[in-house]
Each structure stands twice: as C-alpha cells, then as structure tokens.
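See structure below.
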Amino acid sequence: DVHAVKSWFWIPEDKLLSKEADYNSLKSHMEVFDGNTVEYSKIARTMLDSIERYNVRSWGCDPAYLSTGPTQFLGEAGQGHLIEKVSQGRNLAAATNSVEAWAYERNIDFLNNPVMFWNFSNVIVAQTENGHKYPSKKKSENKIDGVSALSTAVHENLRIGSDPPKSVVIKGLEW
C-alpha cells in the first residue's frame, strides 16, 4: 500500500531570506508571509478547511504549540475536541516505526512536494534510553518538520484505533 501525504508549510519571509540553503526551489511549495512572523489566522483557516475536506478525526499537536494561534483558533471554532497533545519523544515510537518502514519500502507518495523530500533527507531515526524511536535532526541543522508532523498524524491514527490510512493529512509547522 502506498500512503499519499498532503502537506502544508508556512514560513515568514525574513526567515526564508536568512537561510543559507537555497530555498528558491522549495518556495513554491510553502506559503510565505511578509515580515518575520506567520499569520496564524490563515494557518487556522487551512486547518479548519482540512477538517471538513479530509474528514479529520484528530489533530495531533506538540504541547509546545498548544498556546499558539492555530490551536486556539480551532478551539474557538468549536473544533478543540480534535486537538490531542502528542509529546514528540516517548509517544511516537509506533508511529515512527510505521513511517520508517514506509520510507524504506518506498510506500510514501509526497504528491511531488519537494519540501517533504527535503525534510526526509534531513532526518534520522533516533532512540531514547528505553528504545523508543523518534524523528531527529541530529545529522542536519535543516528542518524535519514534515517528518515530525507525519509521525504525529500516524500516531493519532493509531491512537484512535484505525488502520493506517492510504491518505494522511499533515500540517508542517511554521519555521
């Protein structure tokens, strides 16, 4: 089975311009915001549109981002029940195992999004002292947000008791 991955990425223009890597080839696959911050209301609208369009049943979120605009906006829009805190280290072992297997078996379709390819090229699978696997950027200073978001989405799918879907909707975090 091939797992199609729909992803979104957001970045403030100032951060895009300050990066040493050549982002020109990736820029058309990211929403670039003027200045040094992203517009959380636009990200939240994308999230709300996705809930209806893709029948989202849960939205995994790193606890560090629970107080940011998009998750607050979801709560205010009556969708707060979909938000589930997912600690990036210990909770992602089973999901990371699935994503790692899909990657090695070439069973992930990034829908021609070069940002996802780039994120996967920056990631390694690390382990905690207890042997729990998680995505890590120890080999690179570049971003792995898409991989982390995909692992979180798969975690949520496993948590709610479903078989891994053929299509996974993820949200790449802003940079």
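The values are calculated or read from the model by the stated rules, or taken from the named source; none is laboratory data. Please read all numbers here as calculations on a predicted model, not as lab measurements. FYI the Cβ positions are ideal-geometry reconstructions off the backbone, even for glycines, and counts take in every protein chain you see. Calculation scope for accessible area: heavy atoms of the full protein, side chains included, ligands and nucleic acids excluded. Shrake-Rupley method; radii C 1.70, N 1.55, O 1.52, S 1.80 Å.
When you look at residue 88, is it more than 23 Å from residue 161 (Cβ to Cβ) and at pLDDT below 80, yes or no? Judged against the criteria, residue 88 is not a match.
Could you tell me whether any residue of segment 121-142 is surrounded by 17 or more Cβ atoms within 10 Å (Cβ to Cβ), part of a helix (DSSP H, G or I) and either at pLDDT 90 or above or among the charged types (D, E, K, R) (or both)?
No; the residues of segment 121-142 include none that is surrounded by 17 or more Cβ atoms within 10 Å (Cβ to Cβ), part of a helix (DSSP H, G or I) and either at pLDDT 90 or above or among the charged types (D, E, K, R) (or both).
For segment 118-143, a tally of residues being within 12 Å of residue 96 (Cα to Cα) and in contact with a helix residue (DSSP H, G or I) (Cβ under 7 Å, 6 or more places away or on another chain) returns 6. Every condition in (1) open to solvent by less than 30 Å² (accessible area, probe 1.4 Å); (2) modelled with pLDDT under 85; (3) of a type outside the set (Ser, Thr, Tyr) holds for residue 20 except the one numbered (1). Within segment 89-96, not a single residue is basic (Lys, Arg) and out of contact with any Ser or Thr (no Cβ under 9 Å at 6 or more places or on another chain).
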